[in-house]
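The values are calculated or read from the model by the stated rules, or taken from the named source; none is laboratory data. Everything quoted here is computed from the prediction, not taken from an experiment. Heads up, the Cβs are rebuilt from the backbone with ideal geometry, glycines too, and the neighbour counts pull from every protein chain shown. What goes into the accessible areas is simple: the full protein's heavy atoms, side chains included, and nothing from ligands, DNA or RNA. Shrake-Rupley method; radii C 1.70, N 1.55, O 1.52, S 1.80 Å.
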Amino acid sequence: MTTSTISNSTPTNTSWRGDAAAIACLTFAVDAETPVLAAGRRYSSNAMAMSHQSYDMRRGLPRLLGILNEFSIRATFFVPGFVAEMHPDAVSAIAEQGHEVAHHSYSHRPTTQLTRSQEREEFERGMEALSALDIHPVGYRAPMWAASWDTAEFATEFGLKYDTSLMDDDRPYVIQTGSGPLVELPPHWSLDDWEQYAYLPEPHLGNVIEPPEKALSLWTAELDGMREWGGLFQLTAHSFLSGRPGRAQNLRKLIETVLDRGDVEFRTGEELCAAALLDHSLEWRKQERIEVSAATYPIW
């Protein structure tokens with residue numbers, strides 16, 4: 001992916017970080033059964049795989065909400081529309097406890113495997129499912145961060161204000177689309193618990209079970225790097241993974257580490273989006289797809 005930078009020279013002293021050295025944004029994917037079903041609806045007959053994902057709502061999500069409540073920290077929860085329909089009370093409880101609920105497609109099928117019309121339907125059905133719970137999201141995250149070249153346009157078309165799917169920066173920027181600006185809050189695999197904790201042999205969703213201490217070491221290193229260079233520390237956790245007891249304790253230790261640094265502030269995705277739009281020093285960009293020759297790269 002390449003982007004062209006658009007100058008936005010309006011003078012301002014409003015930094016998206018305020019006076020903080022870095023910003024921490026805790027985000028949680030409440031995927032429940034969708035990753036298994038996205039691999040194939042036949043896996044609905046696999047009781048082990050389905051029960052593995054049912055842990056999300058039964059134990060994982062309530063445990064993580066409890067930890068956030070200990071510190072009075074608001075977080076951002078990305079919820080597929082299918083999950084909102086299957087577990088309306090649990091999803092409503094997230095919002096009722098003061099957290100942000102954001103759009104995470106409808107079925108959790110990777111966008112890059114869909115047609116353009118199918119991606120539009122995923123946006124529409126996901127919005128409808130959340131709206132039925134009186135939840136009106138402003139943010140979007142593509143399943144598996146697999147954004148297409150149409151994703152930003154669809155996001156603004158459906159009234160969303162920010163995306164967190166692209167990995168070409170470690171601080172916010174603004175994508176200029178035909179329907180208006182879209183703030184990008186860049187994530188990265190190194191701050192995702194999936195790469196540390198995900199193991200499921202069938203369907204194959206991962207093959208690692210790392211000790212929580214290793215994850216904490218990695219995430220702390222990224223936190224301190226973001227503090228030096230003024231970046232966005234955006235953790236991506238999954239309640240069916242990080243909600244397991246030892247890993248939940250690890251999340252508590254991470255929050256304590258952030259607080260102990262003393263120069264990092266917590267914000268939700270929605271709060272970051274609003275702050276980014278007030279910071280005119282941030283880059284405004286247009287997405288531009290590279291045209292690749294079949295002669296140079298013959299393998300499709």
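In this structure the amide hydrogen of HIS238, modeled in the peptide plane, comes within under 5 Å of the amide hydrogens of ALA29, ASP193, none closer than 5 places in sequence on its chain.
Averaging over all projection directions, the Cα-based convex hull of segment 71-216 occupies 10.0 nm² in the image plane. When the alpha carbon coordinates of segment 171-219 are projected onto the principal axes, the ranges are 43, 29, 8 Å, largest first. For segment 30-39, putting each phi into the Karplus relation 6.51 cos²θ - 1.76 cosθ + 1.60 with θ = phi - 60° gives couplings of 9, 7, 6, 7, 5, x, 5, 5, 5, 6 Hz, in residue order, rounded to whole numbers and with x for Gly and Pro. Taking amide H as placed 1.01 Å from N in the peptide plane, the amide H of ALA75 sits under 5 Å from that of GLU100, each at least 5 places away or on another chain.
For segment 108-148, the Kirkwood estimate of hydrodynamic radius, built from reciprocal distances between every pair of different alpha carbons, is 10.8 Å. Around TYR43, with a cut-off of 11 angstrom between Cβ atoms, what is the net charge of the other residues, counting Lys and Arg +1 and Asp and Glu -1? My count for the surroundings of TYR43 gives 0. Using a 1.4 angstrom probe on heavy atoms only, work out the carbon and sulfur share of the accessible area of segment 1-153 in %. Whole-percent figure for carbon plus sulfur exposure: 46.
Calculated mean residue ellipticity, 222 nm, the chain: -11000 deg cm²/dmol, from DSSP H runs (n ≥ 4) at -39500 (n - 2.57) each, averaged per residue and rounded to 500. For segment 145-158, 3J(HN,Hα) computed residue by residue from phi via the Karplus equation (6.51, -1.76, 1.60; θ = phi - 60°) reads 6, 7, 6, 9, 6, 9, 4, 4, 5, 4, 4, 6, 4, 8 Hz, glycine and proline entered as x.
Taking a ≥ b ≥ c as the square roots of the Cα gyration tensor eigenvalues, segment 62-133 comes out prolate, since a/c reaches at least 1.5 and a/b is larger than b/c. Our coupling estimate for segment 199-211, obtained by passing each phi through the Karplus curve with A = 6.51, B = -1.76, C = 1.60 and θ = phi - 60°, is 9, 7, x, 8, x, 6, 10, x, 9, 10, 9, 8, x Hz, Gly and Pro reported as x. Can you give me the C-alpha center-to-center distance between segment 138-168 and segment 106-130, rounded to a whole angstrom? What the calculation gives is 11 Å, centre to centre.
This model, with +1 at the C-beta of Lys and Arg and -1 at the C-beta of Asp and Glu, gives the chain a dipole about its Cα centre of some 540 debye. Heavy-atom surface analysis with a 1.4 Å probe gives segment 234-299 a carbon and sulfur content of 50 percent of its accessible area. For segment 182-240, the solvent-accessible area of protein heavy atoms averages 39 Å² per residue (probe radius 1.4 Å; ligands and nucleic acids excluded).
Residues whose amide H lies under 5 Å from that of THR177, counting only those 5 or more places away or on a different chain, are LEU182; hydrogens are built 1.01 Å from N in the peptide plane. Over all directions, what mean area does the Cα convex hull of the chain project, stated in square nanometres? Projected area, direction-averaged: 16.2 nm². Here the dipole of segment 201-277 is about 240 debye; that uses its Cα centre as origin and unit charges on the Cβ of Lys and Arg (positive) and Asp and Glu (negative). Structure remark: mean-square fluctuation, Gaussian network model of the chain, C-alpha springs under 10 Å; the largest value among HIS52, HIS204, HIS188 belongs to HIS204. Shape summary: segment 149-253 maps onto an equivalent ellipsoid whose semi-axes, from the alpha-carbon gyration tensor, are 29, 19, 11 Å in decreasing order. The translational diffusion coefficient of segment 53-98, from Stokes-Einstein at 4 °C and 1.567 mPa s with a Kirkwood hydrodynamic radius over alpha carbon pairs, comes to 117 µm²/s. How much of the pair distance distribution for segment 127-199 lies past 19 Å, counting alpha-carbon pairs only, in percent? The share of Cα pairs beyond 19 Å in segment 127-199 comes to 39 percent.
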